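Enquirer: What follows is a structure written as structure tokens; I'll ask about it next.
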Amino acid sequence: MTDIVFPPSLILIIGAFILPLVRGAVRRGVILALPVLALMAVWSLPVGTQVAIEFLDYRIAPVHATASGRLFAIIFCLMAFAGGVYAMGRARLTELVAAYVYAGSAVGVTFSGDLITLFVFWEIMALGSTLVIWAGGGERAWKASFRYLLIHLLGGVILMAGIVWRVSMTGTADFGPMLPDNPANILILIGFLVNAGAPPLSAWIPDAYPEASPSGMVFLSAFTTKTAVFALLVGFPGAEVLIWIGLYMVFYGIIYALLENDMRRILAYSIVNQVGFMVCAIGIGTELALNGAAAHAFAHIIYKALLLMSAGSVLYMTGKRKCTDLGGLFQSMPVTAINGIVGALAISAFPFTSGFVSKSLETAAAADQGLMLVWFLLMAASAGVFLHAGIKFPWFVFFQKDSGLRPDDPPLGMRLSMWFFSFLCIAIGLYPDSLYSILPFETEYQPYTAGHLVSQSQLLLFSGFAFFALLPMMKRSLTISLDFDWFYRRFGRILADEFTIRSSHALERMERQARMRVEGFVRRLYRHHGPHGILARTWPSGGMVLWVTVMLAGMVIAAAVL
Amino acid sequence: MISDPKKHWFYRTENLPKLWMILAAVLLLALLPEFFVHHHAHFPDRGTSVDTSFGFFAWYGFLTCAAMVAGAKILGIFLKRKDTYYDD
């Protein structure tokens, strides 16, 4: 390529810093224009475009257009656009700037042809997302953003260690398929998995995201975990361990979401669940499975953002976030409820929604590979998605008991962005080829067969029946559930307290001993040199003569002996 | 029990049986195609055809969901804390 190529990521990253310089209508215009320009830039770079430069001894490819990278870049730009509309006029300026830098660096990762570029954008993403959480305001958000940053710096350090090790071993920084068969690659894999919300550190998602503002969490849900999916998809396709990690995440998300009371934390656990499906598919690693992971990521970003826009609207209008405080809102917030339900149907993979045409690629891939246990578990998990997110969220927020709250639907921008994403959920469901045509590999998959329609409807409707039949067992309570974050939020504190107590004891003893020594020394000094001390007496000159005589005698004897 | 006429239709106690009836009708409707559609086995080489049994996806969905709810309930005994647990 000899043409000048402008990296789409930089449009968002540099453009974000124009926002503080302009006000009013111009700022609104910039918010809308930046993602559109970035999207056009993505489209203008055909697959295979590559800009490579020599950096130190390595070939760096900051713009490397691949089919899977483009798919993720397109959805990231769409997400930034819808998020911008949702946030406009309500989010703090810090949040908007941070969110656009964050979105831009996510796009940067999808265009990374080498690990060094990837790492740079990876870290910008960590900073941008931390600021988005922090912009939620208040002490809780500040503390959560700090915990979030620590986890991501840890992940970043592990990733960097892996990259440095790999580059020094292979002599190249190129980013392509790797095998987790040496320590360097395993470190890189762990670095990616931290961002994907894999165990044991999954808790950072439900811990940090729900402390962001309504619009903040919409942005957050899309980028970090899905760039991790992208990185795994390119870096570790077919790594078998991912199947089991993914399945763990799937069920972890369901169980914790079932126990949760905070509506946005339910949806945060559901992110782990959904990313689990994608990680599992990447582990299966066939073309069909990888297509499934990519398609699912694309569809997931839309419906998860839609669900969070709906939940964010409820939070924005009522100031309440707990299921125990909510209920009956469908009466006064019909638009929010309808869009929330569309998102819920899509995440549950109901026929004619984007979830149906994307997630079924993954289960079909498991069946094709003869992975019977995996297939049965994924089927159970699909039923569980409807249970924990598809019904639980809309039921407890919009129906359930009548909480007596009668808030209006949110302002126009928030409503428009919800309609936009609802439209996409259904449009992709009705015209799956629109999504299939941009997948990494060509596919002949046909989601709409009579058997598939019937089986999926039965699976979901009967899990819905299970939900209502077991409703008494799911009564909401004012509780949270302990998770791995207990170790760094409580156990670490207990250890530190214990250490403080013990070390302060030791310090006290040392201090006491030192003081006793000094005091003893002073006392002895006083005894000998004090006013009554033996060495402080006025000595008679006779004594002096005696001592001189003794010395002289000594010298004489010494001289005689020698 | 006489319910409040100002309440939304959805919340009136006398309508509760109707809601359950609607749900039951939908479930039956979903089972109806079982008589016409033939499901193919996903793992014929493994000698299992449980996924072609009558209404497999219906009972499998129901049972696994019940199991997940029960599992969550049991784990909840150990994991649940007051939501002010981490507040200082």
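Every number in this text was worked out from the coordinates using simple rules, so none of it is lab data. Everything numeric here is computed off the predicted structure, so don't read it as measured data. Cβ sites come from the backbone with ideal geometry, for glycine too, and all protein chains shown count toward neighbours.
Enquirer: Using a Förster distance of 45 Å, how high is the FRET efficiency between A:Val164 and A:Met510, based on the Cβ-Cβ distance and rounded to 0.05?
Expert: Calculated value: 0.60.
Enquirer: So for the pair A:Arg537, A:Gln331, with labels modelled 7 Å out along Cα→Cβ, what separation do we get in nm?
Expert: Here the answer is 10.5 nm between the modelled labels.
Enquirer: Each label point is 7 Å from the Cα along the Cα-to-Cβ direction; what then is the distance between the points at B:Phe35 and A:Trp244, in nm?
Expert: Here the modelled spin labels are 4.7 nm apart.
Enquirer: Quick check on packing: order A:407-419, A:473-485, A:294-306 by the mean number of other C-beta atoms within 10 Å, highest mean leading. List each step's numbers first, then the result.
Expert: Values: A:407-419: 18.5, A:473-485: 16.8, A:294-306: 27.1.
So the peptides A:407-419, A:473-485, A:294-306, ranked by packing, come out A:294-306, A:407-419, A:473-485.
Enquirer: Report relative contact order for region A:1-169 in percent, whole number only (criteria: Cα-Cα under 8 Å, sequence separation at least 6).
Expert: Details: 221 pairs, mean separation 38.9, N = 169.
With pairs under 8 Å counted, the relative contact order is 23 percent.
Enquirer: Between region A:160-188 and region A:528-546, what is the separation of their alpha carbon centroids in Å?
Expert: First find each Cα centre; the distance between them is then 81 Å.
Enquirer: Something else: Can you list residues whose amide H is under 5 Å from A:Phe55's amide H, if they're 5+ apart or on another chain and H is modeled 1.01 Å from N?
Expert: Result for A:Phe55 returns A:Ile60.
Enquirer: Nearest 20 debye, what's the magnitude of the dipole of the protein assembly as shown about its Cα centre given +1 on Lys and Arg Cβ and -1 on Asp and Glu Cβ? Could you put the intermediate results ahead of the total?
Expert: Values: 46 positive and 39 negative charges, 597 e Å.
Dipole about the Cα centre, nearest 20: 2860 debye.
Enquirer: Once the piece of chain linking A:Val556 and A:Leu416 is laid out straight, how much longer is it, given 0.36 nm per residue of separation minus the C-alpha distance between them?
Expert: So the chain would gain 39.0 nm between A:Val556 and A:Leu416.
Enquirer: Magnitude of the Cβ-charge dipole of region B:14-88, K/R +1 and D/E -1, about the Cα centre, nearest 20 debye?
Expert: It works out to roughly 180 debye.
Enquirer: May I ask you to order A:159-167, B:30-38, A:175-183 by the average number of other C-beta atoms within 10 Å around their residues, highest value first?
Expert: A:159-167, A:175-183, B:30-38
Enquirer: Could I ask something else about it? Between A:Gln458, A:Ser434, A:Trp395, whose Cα lies farthest towards the positive end of the dipole of region A:384-540 when Lys and Arg beta carbons carry +1 and Asp and Glu beta carbons carry -1, centred on the Cα centre?
Expert: Towards the positive end, the residue furthest out is A:Trp395.
Enquirer: Here's something else I'd like to know. What is the distance in Å between the Cα centres of region A:48-78 and region A:222-297?
Expert: Going from one Cα centre to the other spans 24 Å.
Enquirer: Here is a follow-up. Picking from A:Leu127, B:Ala25, B:Gly61, whose Cα lies most toward the positive end of the charge dipole for the protein assembly as shown (charges on Cβ: Lys, Arg +1; Asp, Glu -1)?
Expert: A:Leu127
Enquirer: Shifting gears a bit: May I ask you to compute the full-extension gain from A:Ile53 to A:Asp433, defined as 0.36 nm times their residue separation minus their alpha-carbon distance, rounded to one decimal in nm? Spell out each step's value before the answer.
Expert: Values: separation 380, 0.36 × 380 = 136.80 nm, distance 3.67 nm.
Result for the pair: 133.1 nm of gain on full extension.
Enquirer: Still on this structure, I have one more. When a/c reaches 1.5 or more, the comparison of a/b and b/c decides; with that in mind, is region A:106-176 rounded, prolate or oblate per its Cα gyration tensor?
Expert: oblate
Enquirer: Could you list A:Ser354, A:Ser403 so that the one with the fewest beta carbons within 10 Å of its beta carbon is first and the one with the most is last?
Expert: A:Ser403, A:Ser354
Enquirer: While we're on this one: Could you calculate the contour length gain from A:Ala25 to A:Val518, that is, 0.36 nm times the residue separation minus the distance between their Cα atoms, to one decimal place in nm?
Expert: This chain segment gains 170.1 nm when fully extended.
Enquirer: Now a separate question. Can you give me the orientation-averaged projected area of the convex hull built on the Cα atoms of the protein assembly as shown, in nm²?
Expert: 50.2 nm²
Enquirer: Next question. Specify the inter-centroid distance of region A:330-387 and region A:411-476, based on alpha-carbon positions, in whole Å.
Expert: Using only Cα atoms, the two centres lie 5 Å from each other.
Enquirer: Let me ask something else. Work out the P(r) tail for region A:508-561: percent of alpha carbon pairs separated by more than 12 Å, whole number.
Expert: Details: 1073 of 1431 pairs.
Roughly 75 percent, rounded to a whole number.
Enquirer: So if we plug the beta-carbon distance of B:Glu14 and A:Asn182 into 1/(1 + (r/R0)^6) with R0 = 51 Å, what FRET efficiency do we get, rounded to 0.05?
Expert: 0.15
Enquirer: Another question about this same structure. Using only DSSP helix segments of four residues or longer, with each worth -39500 (n - 2.57), what per-residue ellipticity at 222 nm results for chain B after dividing by its residue count and rounding to 500?
Expert: On the way: 2 runs with 40 residues, N = 88.
Value at 222 nm, helices only, nearest 500: -15500 deg cm²/dmol.
Enquirer: Ok, one more. Jot down the per residue volume, in cubic angstrom and as a whole number, of the convex hull over the alpha-carbon atoms of chain B. Spell out each step's value before the answer.
Expert: On the way: hull volume 18.8 nm³, N = 88.
Once divided by residue count, the hull of chain B is 214 Å³.
Enquirer: Let me ask another. How would you order A:258-270, A:459-471 from highest to lowest mean count of nearby Cβ atoms within 10 Å?
Expert: So the peptides A:258-270, A:459-471, ranked by packing, come out A:258-270, A:459-471.
Enquirer: Quantify how strongly other chains surround peptide B:20-31 by giving the mean number of their Cβ atoms within 10 Å of each of its Cβ atoms.
Expert: Numbers: counts 2, 0, 0, 5, 1, 0, 4, 5, 0, 2, 8, 5.
Partner Cβ neighbours, averaged per residue: 3.
Enquirer: What spacing in nm lies between the two simple spin-label points modelled at A:Thr500 and B:Asp45, each 7 Å away from Cα in the Cβ direction?
Expert: Taking the two extended label points, one gets 6.2 nm.
Enquirer: May I ask you to work out the translational diffusion coefficient for region A:236-492 at 25 °C, viscosity 0.890 mPa s, via Stokes-Einstein with Rh from the Kirkwood sum over Cα pairs, reported in whole µm²/s?
Expert: Values: Rh = 18.5 Å.
Answer, rounded: 132 µm²/s.
Enquirer: Which shape class applies to region A:1-169: rounded if a/c is under 1.5, otherwise prolate when a/b exceeds b/c and oblate if not, where a ≥ b ≥ c are the square roots of the Cα gyration tensor eigenvalues?
Expert: Oblate is the answer for region A:1-169, as a/c is 1.5 or above yet b/c matches or exceeds a/b.
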